[in-house]
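Okay, structure first, notes after.
The values are calculated or read from the model by the stated rules, or taken from the named source; none is laboratory data. What you are looking at is a predicted structure, and each value in this text was computed from that prediction instead of being measured. Methodologically, a virtual Cβ is constructed for each residue, glycine included, from the backbone with ideal geometry; neighbour enumeration extends over all protein chains shown. Ligands, DNA and RNA are excluded from the accessible area calculation, which covers all protein heavy atoms including side chains. Shrake-Rupley method; radii C 1.70, N 1.55, O 1.52, S 1.80 Å.
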Amino acid sequence: MDSEAGQVLFLILARSFVPREGMVVDMNDTIVALATAIGDTGIHILRLSGPEAESLLERCFVPKNKKRWLQRENFTLHYGILQDENNKTLDEVLVGRMLKPTSYTGEDVYEINCHGGAFVAQRILQACLRQGARLAEPGEFSKRAFLNGKMDLVQAEAVIDLISSRTEAAADLAFNQLSGGLSEVIVGLREKIIEVLAFIEAGIDFPEDEVETLDRIALESKIQNTLQEGRYLLAGSQTGRIIRDGLLTVIVGRPNVGKSSLLNALLGEDRAIVTDIPGTTRDEIREAVQLGGIRLNLIDTAGFCEGEDLVEQLGIERTWKAAQRAELILLVVQAGVPWTKDDCRILTLYPEKTVILANKIDLLPPEKAVSDFVCAEEACKDMVWIPFSVFLHQGFEELESEIRRRVYGGKVGPSSEPLLSNVRQISALEGCCMALEQALESVRQGMPWDILSIDLRESLRFVSEMTGHDVQEALLEDIFSRFCIGK
Amino acid sequence: MEYLAGKYDVIVVGAGHAGCEAALAAARLGCETLLLTLNIDTIAHMPCNPSLGGPAKGHLVREIDALGGQMGIIADWTSLQARVLNTGKGPAVQALRIQTDKQAYQNRMREVLFAQPKLTLLQGLAEKLLLHKGNRGVKGIRTRSGARFEAENVVLTSGTYLQGKVIIGDVMYAGGPNGQSPVLTLSDSLRELGLELGRFKTGTPPRIQRQSVDYAKFRLQPGDEKCGRFSFLPTESQFWHRDYTRQVPCWLGYTTSQTHAIIRENLHRAPLYSGKIEGIGPRYCPSIEDKIVKFAQRESHQIFLEPEGWQSDELYVAGLSTSMPEDVQTQILQSVPGLEKANILRPGYAIEYDYVKPHQLSLGLEVRQLPGLYTAGQLNGTSGYEEAAAQGLLAGVNAARRAMGQEPVHFLRSESYLGVLIDDLVTKGIKEPYRLLTSRAEYRLVLRQNNADLRLTEKGRRIGLVDEERWRIFHKKKEDFQGIRTLWKSTFFSPLQENLHAVMSEAQSTPPRGGVSAEELIRRPEINVGHLQKLLPELNEFDQDALEEAEIETKYAGYIDKLWIDIERLTKLESHFLPTDLDYENIRGLSTEGRQRLKEVSPLNLGQASRITGVNPADISVLLVFLEQRRRGGNQ
């Protein structure tokens, strides 16, 4: 499980980073990454390395023993509070200090030990990014260690392997593998920025051609619209929202299949029962549990009540409504027993958001392969199913991994509302929105076009980090197709 | 019969805009230089627009000038009209455009070439490039008439002549621009040497007789009252001597639906659509038939009539570039209001030509696989006189430096448009005739036309092309610039100062409540140097250009500082040099595409490598580790 969790983490952090216009590979900025595997481990460690690491922490770390912190003694551990940019406490943490040149990378390195749970770690990671750190590229800590003479020549080979192998894998997760809705929205955002920029650049480079121009008001409203779209997308960003609010979950299945035992087992596993759940009507949430670092907000449906007959009219209606709204459906079936019509219908209606738990595998004859029974149903084909036994406590880890895979892979959530899914994308989108805000400010101040274009280009560079297009060529193409230019 | 006709340090083949700058630079740096041209009468010819400059191109002319090149000075001297474009669009993109007298430009350039010590001008057609046996270095050239000229350094600037093919409607013949003869054998010689060539197309509009125009139907396009000039040296137009009222105007008119109908009816005779043209043409310079097809909804397109000379009877019809048959060209022209009786003097045409794919060059414009051979100008797939001249200057300088046993010079993207141009050509490669645009420069705000001297004169001085006069003028401006900034920092105005309120209300700016420095005031968007001059009369003693530069640098300091952070990062990467003998095939860990592209471009440093399409940041990381490995390995 650890290796898979590690892979998930890596996929999140290493998602293909594309060269951008005027891309500068910086060797001296401050980088950050999660050093532990994602998931509900006891603690998480975030590693910061670079010249700005200390000043970054000055801004968001409040040490308990300030005097000791200020002594800057090497190889010391400091207890304190980590805050976000609004001075809101994120977690109690231990910060380890390893100064250059004796640290692993040969730069100032700080390690933040925070409480387990992906939620906390992600929030701290994002806080560091907002304070100016950059998400580390694959193998980047090791690369710096080597370049700073902290590793010998033999180890260099390993560093290169680390850099290149991880990049090859990351390339598999290219932009076009994102859910269709999301890529469309990001491409749309990018096109809007290009459009505004095309008006400006065409006007600048072809001043005597009949290029339509935008006046300040039109420009302002175009940028404003684009910014709104970016902000909307950001507000709904997958990881952030799900980590913040949890995943709306419903457990369905016919009577006596083991729904209640599953619920009880989940509750028994639970490390933090959450009572305050924003954005949901509290009285319809029966319970909230943590699984794999993800909060599952369980909708109270008829399906929950052991012994309740699904045929009963009211119960059916509530269950189906809940299934419709849910972001995750746990369909509990009994391994080896034929499915009901309702079981099949759930799968047909919501194949994307359903996970099948083939329960009671402990009751199967031992000489038979589990898959023979579970996959017997036609509807089950190509679906994610997990051999499960609440009784033997089997399948929980697989369920955890599956949920994490979906959340961090951008594969949960209502399909009508595209959501961003990983830290790098969210960080890029935040940068894009900030640049657009600056552009808006520049328009309002009456800044000239060439200044305004700097802000817009910056926003475009951030979007292109997500989409991986050649900005320069895209812009020229837009100009030449939009305007009739040339003598 | 081949015979040895002479030995030189540098031979320049072709005397267009690239060739002239190359030859002058090499000779001025002290090299015995031969400039070989097809025809001494057509030196520095402008076969297309009779104008120089505009956005990015104008910046380039000023850079050529700051480095000690010739184009700006001659353009000023032969200027018919000067206009600054983009005045309302910001400090970085304002650009001077000058209409020149074509004939005078050529004559003046020829005089300068003749007067240049160490420079020999000769009419002849270069047919073959000669190489040393074995080491493949360049040995010289042979002309069609059998003359062998020897030189270790050859700059080829043969423009659009290589395998030139002129196309007018259904007629097609081998030819160079404007009725010249083509060069048919040199392409093969280059191919034999292993150079990869491509084929591009460009075109030009018809020229008409100026007496045949009804000007009442056109709108006057005069020059500026406050006339700019390209050169940082005090050069004046020989024609109108700073009396702006004597400038020659251009004229603006429009095509009509009738024009468009004529073109549509005759599209089947347009070589662009009948498949006769194979070369790729520039998107930014479409022919009129292209515009009608691609922008079918447009009811008219604008046309500028530009004078070709002070006394010339010819007008250039900008906007009507075409390769339609001659009879159709006449109909098209005569459908434009005001041109009903227009006489065509020279029909428009399209021309196809071979170009050298520029990824084979170094950042110093030397062909990497043929040491001593340099290519510049339209031969490298660019378009435009300015782009050509800039490349010529660089190639001439580097050919001369090689002759003198010196390292080549390079220009950074962060330092000049010249750097952007060369890096784009070599690093990114081209798919259409390349034109420089300001939007190609990521550090546009620091690459202004008015600070070209502040950016480049010192470099030009080190190269050896900046003379005493230019050096003195540069120093004065630089000192003024620094003096102004110091003065602004140290001058404070009290809110009680007499005319402060008057000036502030004139500028529609909120009056400061407390004391305020001149620097703080000029940072306000609504305050300009003019306002400050009223508060601080000492400013009038400074150079006006220096004042403007100081204003821009202060007002936009936030943006400029941010750019400099980027530039410093880039500079760091560019200081990691990649040995030319690096075998990318044997570097473990590079991505497949990255390896391929690195092999093709053979970048000079990591900065250049990072800009190659297909090379990703992980590849750069791998190279960094590899270089460190190699360095330590070498130390052991």
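Of all residues in region B:558-577, at least one satisfies being farther than 30 Å from B:Leu195 by Cα, in contact with a helix residue (DSSP H, G or I) (Cβ under 7 Å, 6 or more places away or on another chain) and more than 9 Å from every other protein chain (Cβ to nearest Cβ). B:Ser158 meets each of the listed conditions (1) open to solvent by 40 Å² or more (accessible area, probe 1.4 Å); (2) under 24 Å from B:His17 (Cβ atoms); (3) small (Gly, Ala, Ser) apart from (1).
Scanning region A:441-466 for residues being assigned to a helix (DSSP H, G or I) and open to solvent by 10 Å² or more (accessible area, probe 1.4 Å) gives a total of 10. Scanning region B:239-283 for residues that are assigned to a loop (DSSP other than H, G, I, E, B), open to solvent by less than 30 Å² (accessible area, probe 1.4 Å) and more than 27 Å from B:Thr78 (Cα to Cα) yields B:Thr255, B:Asn266, B:Ala270, B:Ile277, B:Gly279, B:Gly281, B:Pro282.
Do you know which residues across region B:580-606 are in contact with a Ser or Thr (Cβ under 7 Å, 6 or more places away or on another chain), at pLDDT below 90 and more than 13 Å from chain A (Cβ to nearest Cβ)? Passing the criteria: only B:Thr580. Does B:Pro205 satisfy the condition of being open to solvent by less than 10 Å² (accessible area, probe 1.4 Å), closer than 16 Å to B:Gly319 by Cα and touching a residue at least 60 places away in the same chain (Cβ under 8 Å)? Spelling it out, B:Pro205 is indeed open to solvent by less than 10 Å² (accessible area, probe 1.4 Å), closer than 16 Å to B:Gly319 by Cα and touching a residue at least 60 places away in the same chain (Cβ under 8 Å). If you filter region A:146-160 down to residues that are more than 9 Å from chain B (Cβ to nearest Cβ) and part of a helix (DSSP H, G or I), you find that the one that is most open to solvent (accessible area, probe 1.4 Å) is A:Val154.
Evaluating A:Asp300 against the criteria (1) at pLDDT below 60; (2) more than 30 Å from A:Gln122 (Cα to Cα); (3) not aliphatic (A, V, I, L, M) leaves one unmet condition, (2). Of all positions in region B:379-389, at least one carries a residue that is in contact with a strand residue (DSSP E or B) (Cβ under 7 Å, 6 or more places away or on another chain), surrounded by fewer than 24 Cβ atoms within 10 Å (Cβ to Cβ) and among the hydroxyl-bearing types (Ser, Thr, Tyr). Kindly check whether there is at least one residue in region A:68-88 that is at pLDDT 90 or above and within 23 Å of the chain's Cα centre (by Cα). Within region A:68-88 (the criterion being at pLDDT 90 or above and within 23 Å of the chain's Cα centre (by Cα)), the answer is yes, since at least one residue qualifies. Evaluate region B:100-108: report whether one residue or more is at negative phi and within 14 Å of another protein chain (Cβ to nearest Cβ). No, that holds for no residue. Note on region B:241-300: residues that are closer than 21 Å to B:Pro433 by Cα, away from chain A (no Cβ under 12 Å) and among the aliphatic types (A, V, I, L, M) amount to 4. Scanning region B:399-419 for residues that are closer than 25 Å to B:Glu386 by Cβ and assigned to a loop (DSSP other than H, G, I, E, B) returns B:Pro408, B:Val409, B:His410, B:Phe411, B:Leu412, B:Arg413, B:Ser414, B:Glu415, B:Ser416. Just to be sure, is B:Tyr434 hydroxyl-bearing (Ser, Thr, Tyr), under 25 Å from B:Thr204 (Cα atoms) and open to solvent by 20 Å² or more (accessible area, probe 1.4 Å)? Answer is no for this residue. Within region B:500-516, being part of a loop (DSSP other than H, G, I, E, B) and open to solvent by 50 Å² or more (accessible area, probe 1.4 Å) holds for B:Gln508, B:Thr510, B:Pro511, B:Arg513, B:Gly515. Can you tell me which residue is farthest from B:Glu415 (Cα to Cα) among those in region B:77-99 that are open to solvent by less than 10 Å² (accessible area, probe 1.4 Å) and within 16 Å of the chain's Cα centre (by Cα)? Among them, the one singled out is B:Gln99. Filtering region A:6-16 for residues that are touching a Pro at 6+ places or on another chain (Cβ under 8 Å), within 21 Å of A:Glu465 (Cβ to Cβ), at pLDDT 85 or above and within 14 Å of chain B (Cβ to nearest Cβ) leaves an empty set. The residue of region B:546-580 that is farthest from B:Ser602 (Cα to Cα), among those that are surrounded by fewer than 15 Cβ atoms within 10 Å (Cβ to Cβ) and of a type in the set (S, T, N, Q), is B:Ser575. The set of residues from region B:422-455 being assigned to a helix (DSSP H, G or I), more than 9 Å from chain A (Cβ to nearest Cβ) and among the hydroxyl-bearing types (Ser, Thr, Tyr) comprises just one member, B:Thr427. Flag: B:Pro286 does not match the condition of being modelled with pLDDT under 95, surrounded by fewer than 17 Cβ atoms within 10 Å (Cβ to Cβ) and in a loop (DSSP other than H, G, I, E, B).
Selection of first residues in region B:573-586 that are in contact (Cβ under 8 Å) with a residue 12 or more places away in the chain and of second residues that are assigned to a loop (DSSP other than H, G, I, E, B), restricted to Cβ pairs under 6 Å at least 6 apart or on distinct chains, gives the following pairs, ordered by first then second residue: B:Leu578/B:Pro603.
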